[in-house]
Amino acid sequence: MAAAAAPPPPPTAAPEPNMVPQTSPIGHPIFSRIRLATPLDVPFIHKLIHQMAVFERLTHLFSATESNLSSTLFTSPPFKSFTVFLLEVSRSPFPTTLPSPPDFTPLLKTHNLDLPIEDPESYNFTPDMLNDVVVAGFVLFFPNYSSFLAKPGFYIEDIFVREPYRRKGFGSMLLTAVAKQAVKMGYGRVEWVVLDWNANAIKFYEQMGAQILQEWRVCRLAGDALLAFDNVSI
């Protein structure tokens with residue numbers, strides 16, 4: 001005797017008008033912008049440099065003040081001397097219609113994260129309390145020169161992303177912004193140094209295509225050793 005056929009499935013109810021389609025993106029979008037820093041950003045730059053000194057275990061070398069930074073960082077046009085790109089994030093899209101400085105058009109990107117970012121220090125890094133824009137990192141760089149290439153390049157003095165925003169692609173954005181600017185200006189290379197104990201940073205830089213030059217060592221004259229040369233006869 002043949003088994004009885006299963007009853008047909010009940011009809012599927014039509015979706016309600018206000019239901020969100022299943023194809024809608026899920027997650028927690030966050031919007032980022034890389035822009036040229038201005039003198040008004042010095043308080044945030046100062047805080048970022050201090051956090052970087054803490055991370056690198058070099059607070060004993062940290063003596064920068066907001067006044068020092070204000071008087072030295074913005075003495076020349078961008079890319080001709082010391083230049084700072086600031087990384088900002090927001091839960092809302094950044095406007096694309098605002099006028100941009102002629103030297104650099106801000107870079108915008110949307111990130112769809114699995115989890116929201118918890119930033120307990122956001123109040124210390126908010127340029128405008130009327131919106132939710134938060135400063136998340138920075139890169140400070142300036143021109144150098146390669147006699148072997150007979151071309152200028154960029155030297156990155158600092159690149160730093162605040163702890164809540166790490167491992168989300170923001171460091172890659174900052175490094176890419178400097179590299180793209182070097183290419184745009186016809187420069188020959190971008191250089192920087194990395195602490196030998198920072199294995200995560202070394203791996204990240206290698207993944208970005210950087211060559212780690214094991215045979216080179218940084219030489220530095222600073223403090224009393226530098227001042228002593230004032231009395232040296234040539």
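Note on the range 193-234: residues that are of a type outside the set (D, E, K, R), open to solvent by 70 Å² or more (accessible area, probe 1.4 Å), over 20 Å from residue 160 (Cβ atoms) and not in a loop (DSSP other than H, G, I, E, B) amount to 4. Filtering the range 105-123 to residues that are surrounded by fewer than 17 Cβ atoms within 10 Å (Cβ to Cβ), out of contact with any Pro (no Cβ under 9 Å at 6 or more places or on another chain) and over 17 Å from residue 183 (Cβ atoms) leaves 109, 114, 115, 116, 123.
Hey, any hits in the range 165-188 for a residue that's under 27 Å from residue 51 (Cα atoms), in contact with a helix residue (DSSP H, G or I) (Cβ under 8 Å, 6 or more places away or on another chain), not in a helix (DSSP H, G or I) and not small (Gly, Ala, Ser)? There is no residue in the range 165-188 that is under 27 Å from residue 51 (Cα atoms), in contact with a helix residue (DSSP H, G or I) (Cβ under 8 Å, 6 or more places away or on another chain), not in a helix (DSSP H, G or I) and not small (Gly, Ala, Ser).
Yes or no, residue by residue, for (1) at negative phi; (2) at pLDDT below 95:
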position	(1), (2)
161	yes, no
170	yes, no
174	yes, no
192	yes, no
209	no, no
229	yes, no
234	yes, yes
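Residue by residue through the range 134-157, note down the ones that are open to solvent by 20 Å² or more (accessible area, probe 1.4 Å) and either in contact with a Phe, Trp or Tyr (Cβ under 7 Å, 6 or more places away or on another chain) or of a type in the set (A, V, I, L, M, F, W, C) (or both). Within the range 134-157, 142, 143, 144, 148, 149, 150, 151, 152, 155, 157 meet the criteria.
The values are calculated or read from the model by the stated rules, or taken from the named source; none is laboratory data. This is a predicted model, so every value here is computed, not measured. In this analysis, Cβ positions are derived from the backbone assuming ideal geometry, glycine residues included, and neighbour counts consider all displayed protein chains. Ligands, DNA and RNA are excluded from the accessible area calculation, which covers all protein heavy atoms including side chains. Shrake-Rupley method; radii C 1.70, N 1.55, O 1.52, S 1.80 Å.
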